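Reviewing the structure listed below.
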Amino acid sequence: MRYNKKILLTLFFITFSLSTLLSVSGLSNEIANFYAVDLEASSLYVGTFLFIVGITAIFLPAYLSKYERKRFFIIALAVTVITTLTQSFVNDFMISFILRIIPAFFYSTAISFALTYIGDVDPDNVNKVVLGITSGCVFGASFSVYITTAYGYNYTLLWIALINLVSLILTILFLPKIQKETKGILDQFHIAKCELFIISIMSILFIGVGVSVTYNFFTLILETITKLPYDVLSIYLFFNGLAGVFGTSLIGKFMQKNLKRTVTLYPIVFIALMLVMIICVHMDRPMFVILILFGLLDGSMQTIAQYTISTAAKDAPEFANGFYLFIVNLNRTIGIVLGGVLIESWFTTSILLMSIISFTLSVPFIIYRFSKYAHIDLFHNKELA
């Protein structure tokens, strides 16, 4: 089967559906109530999934690249459908916890395979597959919050299982067999020693933590400080997610026009937004505007991260895309843990200050990369169309 738009749509749905598993990251309090456990246990329920995804992303995509990709997609989606569907009928926390983490072992490899394949056959549309990740995480979060608050967490699990079932059917029908990677795993890992790769990772690490430490506690902020009722809160998060989807597409156009200026200004604009949020956190209407802007910037982060890491390891695409997923999920994990500690130790809005500090730390690494490795970014700038 030759490459066509049905394949692109299928890859989008694969990344979207699997990423809905991450959309429950902001539901720690609701999960605790559903299973009648404390917040620490529910945070572990959410965080363990992210931890496994992050750790396996370092080595599994490169190691499993020797296997045929379509078969792996089918297995990953089938496992996700079965475990999530079963989980929706289970009320025991430990059983649900085990079922929750099983798909985490498949997530990073499936996403990496999708990004690598589209990068090989249609590099101009890599951003559309990244859009699937953003949509599943950010846009999916608003659906998860609404469904959980209106009907219960088990119905959110049913929704996630249904979306992955659709992707499974599309994969079987439209995705061709995809060739294996011939490059050895040690050859791919060798790229991690390069200074460009290390600098790129550090810049994305600080940017990601800056986003995550606030994003993962949006529900808590809007509920306890802004004092929004649940129905209004879900609407706010819906538009935040919608803005995230547009942000993923929009940032690529800005990067194509002026890569250096766009990436360098990104954390600075986010710092300004965090300062405004600190001032307006008690005001419901200004917070709506802030959430829209936050969504645009949050969605943009996925594109910046994928571009920055993939261009730093162009000769090892499976490893680069796997490490991109590792660093993004490490950011989420650090954000959840750090945010929880700050809220328990100090006060809720201290997480906004932490975001500002993290964004500030990313700026020197971004400037250093552009000053020393400008030729790399100029060479790959044409791929951002």
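The values are calculated or read from the model by the stated rules, or taken from the named source; none is laboratory data. The model shown is predicted, which means the values in this text are computed figures rather than measured ones. Ideal geometry is used to build each Cβ from the backbone, glycine not excepted, and the neighbour counts take in all protein chains shown. Note: accessible area is taken over every heavy atom of the protein model, side chains too, but ligands, DNA and RNA are not part of it. Shrake-Rupley method; radii C 1.70, N 1.55, O 1.52, S 1.80 Å.
R0 = 51 Å: FRET efficiency of Phe347 with Gln256, Cβ-based, nearest 0.05?
About 0.80, to the nearest 0.05.
Mind checking which of Phe326, Phe13, Phe197 has the largest fluctuation in a GNM of the chain, springs on alpha carbons under 10 Å?
Highest fluctuation among the options: Phe197.
What Kirkwood radius, in Å to one decimal, follows from the Cα pairs of the stretch 1-127?
15.7 Å
Using +1 on the beta carbon of Lys and Arg, -1 on that of Asp and Glu, and nothing else charged, what's the dipole of the stretch 4-96 about the Cα centre, debye to 20?
Rounded to the nearest 20 debye, it is 820 debye.
Tell me which of Thr214, Asn29, Ser65 sits at the most positive position along the dipole axis of the chain, charges placed on C-beta atoms (Lys, Arg +1; Asp, Glu -1).
Ranked along the dipole, the leading option is Ser65.
Based solely on C-alpha atoms, express the radius of gyration and the Dmax of the stretch 5-61 in angstrom.
Spelled out, the Cα radius of gyration and Dmax of the stretch 5-61 are 14.8, 46 Å.
Not counting ligands, DNA or RNA, and with a 1.4 Å probe, what is Val263's accessible surface area in Å² rounded to the nearest 10?
Near enough 10 Å² of accessible area.
Considering the chain, what Rg and Dmax in Å follow from its alpha-carbon atoms?
Rg, Dmax (Cα atoms, Å): 19.6, 58.
Calculate log10 I(q)/I(0) of the stretch 42-101 for q = 0.14, 0.20, 0.24 Å⁻¹, where I(q) comes from the Debye formula with a single equal point scatterer on each Cα and nothing for solvent.
-0.50, -0.89, -1.05
Counting only protein heavy atoms, what percent of the accessible surface of the stretch 190-317 is carbon or sulfur at a 1.4 Å probe?
The nonpolar share, carbon plus sulfur, comes to 72 percent.
Rounded to the nearest whole Å², what accessible area per residue is found for the chain with the 1.4 Å probe?
41 Å²
Hey, could you pull the Cα Rg and Dmax for the stretch 67-158, both in Å?
Gyration radius and largest Cα-Cα distance of the stretch 67-158: 15.3, 46 Å.
On the protein heavy atoms, probe 1.4 angstrom, tell me the percent of accessible surface of the stretch 1-107 carried by carbon and sulfur.
71 percent
About the Cα centre of the stretch 193-262, what is the dipole size in debye to 20, counting +1 per Lys and Arg Cβ and -1 per Asp and Glu Cβ, all else neutral?
Roughly 420 debye, rounded to the nearest 20.
Binning at 5 angstrom from zero up to the longest distance, how are the C-alpha pair distances of the stretch 238-300 distributed in percent?
In whole percents, the pair-distance histogram is 4, 19, 24, 23, 17, 8, 3, 1.
Mind ranking Ile278, Ile271 by accessible surface for me, highest first, 1.4 Å probe?
Ile278, Ile271
Is any helix in the chain, taking whole DSSP H runs, at least 24 angstrom long along its axis by alpha carbon and on average at least 0.5 on the Kyte-Doolittle scale, and which ones? Display every interim value, and only then the final one.
Numbers: long enough: 39-63 (36 Å, 1.58); 69-87 (27 Å, 1.03); 104-121 (27 Å, 1.18); 153-174 (32 Å, 1.85); 195-215 (30 Å, 1.98); 230-257 (40 Å, 0.81); 259-280 (31 Å, 2.00); 284-312 (41 Å, 0.84); 317-345 (41 Å, 0.97); 350-372 (35 Å, 1.41).
Flagged H segments are 39-63, 69-87, 104-121, 153-174, 195-215, 230-257, 259-280, 284-312, 317-345, 350-372.
His282 to Glu40: FRET efficiency via 1/(1 + (r/R0)^6), r the Cβ-Cβ distance, R0 30 Å, to the nearest 0.05?
0.60
Return P(r) of the stretch 262-358 (all Cα-Cα pairs; 10 Å bins starting at 0; whole %; ordered from short to long distances).
So the P(r) values, bin by bin, are 14, 38, 33, 13, 2.
Quick one: Cα centre-to-centre distance for the stretch 63-91 and the stretch 249-290, in angstrom?
Between the Cα centre of the stretch 63-91 and that of the stretch 249-290, the gap is 36 Å.
Mind putting a number on the dipole of the chain about its Cα centre? Charges go on the C-beta only, +1 for Lys and Arg and -1 for Asp and Glu, and I need it in Debye to the nearest 20.
Computed charge dipole of the chain: roughly 1160 debye.
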